[in-house]
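The values are calculated or read from the model by the stated rules, or taken from the named source; none is laboratory data. Computed from a prediction, not measured in an experiment: that's the story for all the values here. Ideal geometry is used to build each Cβ from the backbone, glycine not excepted, and the neighbour counts take in all protein chains shown. Surface areas here come from the heavy atoms of the whole protein model, side chains and all, with no ligands, DNA or RNA. Shrake-Rupley method; radii C 1.70, N 1.55, O 1.52, S 1.80 Å.
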Amino acid sequence: MVSQGNLFEGSSRGSSLSFCDLISRYQIVIPKIQRDYVQGRDCAKANRAEFVKDLIASLKGRKPFSLNFIYGSLTPGGDFVPIDGQQRLTTLFLLHLYVYAKEGESELIKKLISRFSYQTRYTTNRFFKKLSKELPDLLNGETSGASLKERIESSGWYVASYEDDPSIVSAIVMLDLIDAEFGSEGCAGFSKLLETASPITFM
């Protein structure tokens with residue numbers, strides 16, 4: 001990660017971090033000037049499938065996977081504001097949320113949702129907060145053969161206005177893909193891996 005103005009530990013060269021390293025030090029704030037989260041859109045279908053496959057293969061195989069440089073600045077209040085890398089950071093947020101929810105790690109979910117926020121749209125933050133409470137039950141309850149996307153969209157707390165938010169629509173698609181990629185093997189033990197020695201890093 002490279003910060004502007006030499007604000008990150010006194011260096012403009014950056015440091016190698018995992019997502020958990022970053023949110024342990026700073027709150028990630030996606031600013032209003034950033035575009036919506038788009039990795040779940042149809043135009044990104046091929047790229048997102050390969051990206052998710054690489055992320056999960058890295059976890060399953062404990063193999064290093066670098067996401068290259070993420071650029072941003074640090075505010076006096078200690079927020080990290082990404083300038084380039086929002087899409088990758090949001091995908092990592094969704095991956096962590098999925099793993100924590102699947103393993104029932106409620107305290108890790110609370111930490112995660114408190115350290116990552118969108119200023120782009122009010123509905124995006126609202127959805128993420130609600131999803132963080134409901135996802136464990138959606139993942140670990142009776143599925144009846146429905147996809148995760150179908151389970152989310154048929155939930156009583158899901159409102160029609162969410163469909164007008166491109167970031168929410170994309171996030172649901174990505175979560176569905178993450179769920180399908182983990183498959184029946186699940187992700188047991190990956191919460192600890194992500195917290196202590198994640199093979200997925202960026203500069």
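Report the relative contact order of segment 59-118, percent, no decimals, based on alpha-carbon pairs under 8 angstrom and at least 6 residues apart. Show your work: numbers first, answer last.
On the way: 30 pairs, mean separation 11.5, N = 60.
It rounds to 19 percent for segment 59-118.
Using a 10 Å cut-off on Cβ atoms, rank the peptides 59-65, 17-23 from the highest mean neighbour count down.
Details: 59-65: 13.1, 17-23: 20.9.
The packing order, highest mean first, is 17-23, 59-65.
Can you check what the net charge comes to around Gly61, using other residues whose Cβ is under 14 Å from the Cβ of Gly61 (Lys, Arg +1; Asp, Glu -1)?
Once all neighbours under 14 Å are counted, the net charge is +1.
Can you check what the Kirkwood hydrodynamic radius comes to for segment 43-156, Cα pairs only, in Å to one decimal? Don't skip to the answer; put the middle values down first.
Values: mean 1/r = 0.0625 Å⁻¹.
Value: 16.0 Å, from the Cα pair sum.
Report the label-to-label distance for Ile83 and Glu150 in nanometres (one decimal), using points 7 Å from each Cα along the Cα→Cβ vector.
Between Ile83 and Glu150, the label points sit 4.6 nm apart.
Hey, which of these cross-link pairs are over 25 Å Cα-Cα: Lys32/Lys129; Lys53/Lys192; Lys63/Lys149? Provide the component values of the computation, followed by the final result.
Working: Lys32/Lys129 18 Å; Lys53/Lys192 20 Å; Lys63/Lys149 29 Å.
Table pairs above 25 Å Cα-Cα are Lys63/Lys149.
May I ask you to order 167-179, 79-91 by the average number of other C-beta atoms within 10 Å around their residues, highest value first?
Result, highest mean Cβ count within 10 Å first: 167-179, 79-91.
Answer rounded, prolate or oblate for segment 92-140, using the Cα gyration tensor with square roots of eigenvalues a ≥ b ≥ c: rounded when a/c is under 1.5, else prolate when a/b is larger than b/c, else oblate. Working shown, then result.
Numbers: a/c = 2.17, a/b = 1.66, b/c = 1.30.
Because a/c hits 1.5 or more and a/b exceeds b/c, segment 92-140 counts as prolate.
Carbon and sulfur together cover what percent of the accessible area of the chain at a 1.4 Å probe radius?
On the way: 4590 of 9600 Å².
Ligands and nucleic acids excluded, carbon and sulfur reach 48 percent.
Going from most exposed to least, what order do Tyr118, Tyr71, Tyr158 have by accessible area with a 1.4 Å probe? Don't jump to the answer; show the numbers that get you there.
Values: Tyr118 5, Tyr71 100, Tyr158 30 Å².
Descending order: Tyr71, Tyr158, Tyr118.
Where only protein heavy atoms count, and the probe is 1.4 Å, what is the accessible area per residue for the chain in Å²?
Values: 9600 Å² over 203 residues.
Ligands and nucleic acids excluded, the result is 47 Å² per residue.
Nearest-5 percent of antiparallel DSSP beta bridges in the chain?
Values: 5 of 14 bridges.
Here the share of antiparallel DSSP bridges comes out near 35 percent.
Just the C-alpha atoms of the chain: what Rg/Rh do they give, with Rh taken as the Kirkwood radius?
Working: Rg = 16.3 Å, Rh = 17.3 Å.
We get a ratio of 0.94 for the chain.
Once you charge only the Cβ atoms, +1 for Lys and Arg and -1 for Asp and Glu, what is the size of the charge dipole of segment 129-195 about its Cα centre, to the nearest 20 debye?
On the way: 6 positive and 13 negative charges, 49 e Å.
Computed charge dipole of segment 129-195: roughly 240 debye.
Taking the Cα centre of each part, how many Å lie between segment 122-173 and segment 60-102?
Using only Cα atoms to place each centre, the spacing works out to 21 Å.
Longest exposed-loop-site-free stretch of the chain, with GluC sites (Glu not before Pro), DSSP loop and at most 14 other Cβ within 10 Å? Walk me through the numbers on the way to the answer.
Values: sites that count: Glu9, Glu142.
So the longest stretch without any such site is 10-141.
Taking the Cα centre of segment 66-203 as origin and charging only Cβ (+1 Lys, Arg; -1 Asp, Glu), how large is the dipole, in debye to the nearest 20? Display every interim value, and only then the final one.
Working: 13 positive and 18 negative charges, 93 e Å.
Taking the Cα centre of segment 66-203 as origin, the dipole is about 440 debye.
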